[in-house]
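What follows is calculated from the coordinates using simple rules that are stated; it is not laboratory data. Owing to the predicted nature of the structure, the values given are computational and were not obtained by experimental measurement. Note that we place each Cβ from the backbone using ideal geometry, even for glycine, and neighbour counts take in every protein chain shown.
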Amino acid sequence: VARYALRMAAGLPGRRLQVIHIFDGSVARARIEARFAAIARECVREGLHCELLIRDLHGDVAASLLAAMQPGAVSHCLCGARVAARGRGFLAGTVSERLLRSGQCNVLAVRVVSPGLLGCPRTLLFPLAGHPRGFRSAMPFLLLLAQPTARLHLLRVMVVGHLHLGHLSAATARARIALGYDYLTRVADEIRAQADAPPCHLERHAVLAADWAGEILVQAGKLGAQMILLGASERSLPHRVVYGNPLERILRDTACDVGIYCRP
């Protein structure tokens, strides 16, 4: 996760990384400072300004972090998912889930499956729900992650019920898929317009499927995705229900890194 933080900080105008630790006594202060020293050395190599903030615990960790973080759209918070679900889910009930729900700033929660990428995925899969302005909430993260050398795949999965899917006429299926491609074309045009150096390889994929989460995983495998970037809403975020939640399912079954984002 620290590698992703370094990568994103390098793409921001201030080139500034702030590492926040809430001190609850579970980790020795000397160990915290040693971990920070390693990150600070990487920042020096990348030409980043790095700062460590150690704050005392007040209430719980999530509340303490939110009190220490700068609010607003100019602030980006990067956090991690659980390393292992162990029946609890990767995101449900975590500090990261609380940060995503807070709406205080731009938040990206990452589950790292391939640490060897060093926070630099070259092939990104960006599933879109089809809302007219919904994709714009991903732009701050997309522009930071989709470097000029990256391969960016835009995916629109249009959900059709199991029974209905088998009875769709070919003409109806083609018409729905065409609408999906029209939407993705508008998204691609806006990405190219907003990015100083847009990805050199940008593809669109529109499909009909009965299983939204399952189709995203299938497409990620077909395209060789190294990261899936997913938007979160209050409705889609897992809380108590883990099994059956689509975000938790993707986090559980993914073969690549996954980022869950939310804007203020």
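Hey, rough spin-label estimate for Asp211 and Val83, points 7 angstrom out along Cα→Cβ, what's it come to in nanometres?
Roughly 3.0 nm, to one decimal.
If you put +1 on each Lys and Arg Cβ and -1 on each Asp and Glu Cβ, how big is the dipole of the chain around its Cα centre, in Debye rounded to 20?
Working: 32 positive and 19 negative charges, 31 e Å.
Using only the charged Cβ atoms, the result is roughly 160 debye.
Under 5 Å between amide H atoms, partner at least 5 residues away or on a different chain: which partners does Phe23 have, H built in plane at 1.01 Å?
Arg55, Asp56, Leu57
How would you rank 154-161, 116-123, 29-36, highest first, on the average number of other Cβ atoms within 10 Å across their residues?
Values: 154-161: 18.5, 116-123: 15.9, 29-36: 12.5.
So the order, starting with the most tightly packed, is 154-161, 116-123, 29-36.
Show me, for the stretch 161-178, the HN-Hα J-couplings you get by feeding each phi into the Karplus relation (A = 6.51, B = -1.76, C = 1.60, θ = phi - 60°), rounded to Hz, glycine and proline as x.
x, 3, 5, 5, 4, x, 10, 5, 6, 4, 5, 5, 4, 4, 5, 5, 5, 4
In a shell of Cβ-Cβ distance under 15 Å around Val112, excluding Val112 itself, what net charge do Lys and Arg (+1) and Asp and Glu (-1) give? Don't skip to the answer; put the middle values down first.
Details: positive: Arg3, Arg7, Arg82, Arg111, Arg252; negative: Asp257.
Value of the local net charge: +4.
Taking the Cα centre as origin and putting +1 on Lys and Arg beta-carbons and -1 on Asp and Glu beta-carbons, what dipole magnitude results for the stretch 1-149, to the nearest 20 debye?
On the way: 19 positive and 8 negative charges, 73 e Å.
The dipole magnitude comes to about 340 debye.
With an 8 Å cut-off on Cα pairs and a minimum separation of 6 or more residues, tell me the relative contact order of the stretch 5-77 in percent. The partial results should precede the final answer.
Numbers: 64 pairs, mean separation 27.9, N = 73.
Relative contact order for the stretch 5-77 comes out at 38 percent.
Could you work out the relative contact order of the chain, using alpha carbon pairs under 8 angstrom and six or more residues apart, expressed as a whole percent?
Relative contact order here is 23 percent.
What nm distance separates the two modelled labels at Ile177 and Val218, each placed 7 Å from Cα along Cα→Cβ?
Using points 7 Å along Cα→Cβ, the separation is 1.2 nm.
Averaging sequence separations of C-alpha pairs under 8 Å and six or more residues apart, then dividing by the length of the stretch 1-154, give the relative contact order as a whole percent.
Relative contact order, the stretch 1-154: 24 percent.
If we count every other residue with Cβ under 12 angstrom of Arg252's Cβ, Lys/Arg +1 and Asp/Glu -1, where does the sum land?
Working: positive: Arg82, Arg86, Arg88, Arg111, Arg249; negative: Glu248, Asp253.
Summing Lys and Arg as +1 and Asp and Glu as -1 gives +3.
Using a basic spin-label model with each label point 7 Å from the Cα along Cα→Cβ, how many nm lie between Ile32 and Leu53?
According to this spin-label approximation, the distance is 1.3 nm.
How many percent of DSSP beta bridges within the stretch 75-262 run antiparallel, rounded to 5? List each step's numbers first, then the result.
Details: 5 of 32 bridges.
So the antiparallel bridges in the stretch 75-262 amount to around 15 percent.
Using the per-residue mean of other Cβ atoms lying within 10 Å as a proxy for protection, in what order, highest first, do the peptides 72-80, 194-202 fall? If you can, show how the numbers build up before the last one.
On the way: 72-80: 17.2, 194-202: 14.4.
Result, highest mean Cβ count within 10 Å first: 72-80, 194-202.
Sort 98-105, 39-46 by packing, meaning the average of other beta carbons within 10 Å per residue, with the highest value first.
Working: 98-105: 18.2, 39-46: 14.5.
Answer by packing, highest mean first, reads 98-105, 39-46.
Mind listing the long-range amide H neighbours of Gly231? Cut-off is under 5 Å, sequence gap 5 or more, other chains count too, H placed in the peptide plane at 1.01 Å from N.
Residues meeting the amide H criterion: Tyr261.
Could you tell me how many degrees, from 0 to 90 and to the nearest 10, lie between the Cα long axis of helix 212-223 and the main elongation axis, the longest principal axis, of the Cα atoms of the chain?
90
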